[in-house]
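Below is one structure, written out as structure tokens; the observations come after it.
The values are calculated or read from the model by the stated rules, or taken from the named source; none is laboratory data. Please read these numbers as outputs of a predicted model, since none were measured by experiment. All Cβ positions, glycine included, derive from the backbone under ideal geometry; neighbour counts span all protein chains shown.
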Amino acid sequence: MMPTVLVVEDEPAILELLKVNLMDAGYEVRAASDAEAARELLEDALPDLVLLDWMLPGQSGLAFAKDLRARKRTKDLPIIMVTARSDEADRVAGLEAWVDDYVTKPFSPRELKARIKSVMRRRAPEAAQETLAAGALKLDPVTHRVTVGDRTVPLGPTEFRLLRFLLARPERVHSRTQLLDQVWGDQVYIEERTVDVHIRRLRAALEPFGQDKLIETIRGSGYRLAVPAH
């Protein structure tokens, strides 16, 4: 599953340029021309990152960023502000709105893609399109292959997403609710025990390769992926 970028930009030519370059870099792109349209898309599903123009019709990008940070559902969304405003005071205002990065127009597509990758690596590591590993277990999000040494581990799509999320956050304990929100999506309403079913399937798939004990159950809290000692 490709990482998703929501581009909020009201200039059609710039929007098209961004879409072409981001799709070429392997991202799924959703687009909105103003904050209101962006808010509707966010209600449907959360992207992995928001690329937000400062000067928008209606609510400004800066005000929209502050609004996103004030809401529980969107407070942790990675946001990059794109703007022609280069004054230091403007950059400070953007960063004070908890924007993760700030790109000034004109910018090169190469620079923008590098900044997106950097922010995703910090804020949403499983979306950064880089190989994740724990000991001999490796997951390549580009080819969708999970391997142990030179052997391929067969995984269903849900188990793949679950493993990717856990590998990106080793040693951190995640509750069933957190896993449901992050792996299945916060707009999908299913029972918490569904997580247990897929954890069992993931362990069963890893067992023939001696990797099943990486997935630990933390009684009363949830699950974590333990990094093997060297």
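Worth a mention:
- Answer residue from segment 56-87, given it is more than 16 Å from I116 (Cα to Cα) and in contact (Cβ under 8 Å) with a residue 40 or more places away in the chain and is nearest to the chain's Cα centre (by Cα) among those: R73
- Complete set of residues in segment 129-150 that are without any contact (Cβ under 8 Å) to a residue 60 or more places away in the chain, closer than 14 Å to V227 by Cα and out of contact with any helix residue (DSSP H, G or I) (no Cβ under 6 Å at 6 or more places or on another chain): A133, K138
- L162 satisfies every condition listed in (1) under 27 Å from A114 (Cβ atoms); (2) surrounded by 16 or more Cβ atoms within 10 Å (Cβ to Cβ) except (1).
- Applying a threshold of 6 Å to beta carbon distances and a minimum spacing of six or more residues, or different chains, the list of pairs starting in segment 28-40 at a residue that is assigned by TED's automatic domain parsing to the domain that holds S60 and ending at one that is assigned to a helix (DSSP H, G or I) reads V29/K19; V29/L22; V29/M23; R30/L41; A31/L15; A32/A38; A32/L41; A35/F64.
- Selection from segment 120-143 of residues that are surrounded by fewer than 17 Cβ atoms within 10 Å (Cβ to Cβ) and at pLDDT 90 or above: A133, G135, A136, K138, D140
- Any hit, segment 72-89, residues being surrounded by fewer than 16 Cβ atoms within 10 Å (Cβ to Cβ), at pLDDT 90 or above and closer than 30 Å to F165 by Cβ: no
- Test for V146: is it assigned to a strand (DSSP E or B) and more than 18 Å from the chain's Cα centre (by Cα): yes
- Residue ID - modelled with the lowest pLDDT, chosen from residues in segment 168-225 that are closer than 27 Å to D48 by Cα and of a type in the set (G, A, S): G185
- Looking at L167, L180, just one residue is within 16 Å of E216 (Cα to Cα), under 15 Å from the mean Cα position of the chain (by Cα) and of a type in the set (A, V, I, L, M), and that residue is L167.
- One residue from A204, A168 being among the hydrophobic types (A, V, I, L, M, F, W, C), within 18 Å of V146 (Cβ to Cβ), in the same structural domain as D150 (by TED's automatic domain parsing) and surrounded by fewer than 19 Cβ atoms within 10 Å (Cβ to Cβ): A204
- Top-ranked residue of segment 167-207 - restricted to ones that are among the aliphatic types (A, V, I, L, M) and assigned to a loop (DSSP other than H, G, I, E, B), ranked as nearest to T131 (Cα to Cα): V173
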